[in-house]
Amino acid sequence: MTTKIMPVSDLRRNTSDALTAAREGGPIYITQHGRPAAVLVAYEQYEALLAQLEDLADLAALDAAAGEPERDYDDFLLELRQRG
């Protein structure tokens with residue numbers, strides 16, 4: 001996949017073409033005054049990235065919880081009821 005870079009001025013003029021290119025060819029890096037400003041990705045790619053990020057966060061939480069001491073489930077439920 002080739003890296004596509006587009007100035008924001010081109011994006012303004014060719015929005016439809018940019019959307020098509022993002023859907024068909026991958027992300028487009030948008031620049032403003034020659035500097036990176038945003039990345040345009042297809043909706044499906046964005047949703048897939050969010051799902052991957054959520055999965056990684058879940059794995060990190062499981063790793064962090066692995067070292068925690070075990071608690072009796074009934075004691076845990078009792079504590080929750082007492083709080084609320």
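Do the conditions hold for Ala65, that is, is it outside the structural domain of Thr3 (by TED's automatic domain parsing) and over 17 Å from the mean Cα position of the chain (by Cα)?
Judged against the criteria, Ala65 is a match.
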Consider Thr31 carefully, then state whether it is modelled with pLDDT of 95 or more, of a type in the set (Val, Ile, Thr), surrounded by 10 or more Cβ atoms within 10 Å (Cβ to Cβ) and over 22 Å from the mean Cα position of the chain (by Cα).
no
Against the definition (modelled with pLDDT of 90 or more and either surrounded by fewer than 10 Cβ atoms within 10 Å (Cβ to Cβ) or in the same structural domain as Leu19 (by TED's automatic domain parsing) (or both)), how does Asp55 come out, yes or no?
no
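The values are calculated or read from the model by the stated rules, or taken from the named source; none is laboratory data. Since the model is a prediction, treat every value here as computed from it, not as a measurement. In this analysis, Cβ positions are derived from the backbone assuming ideal geometry, glycine residues included, and neighbour counts consider all displayed protein chains.
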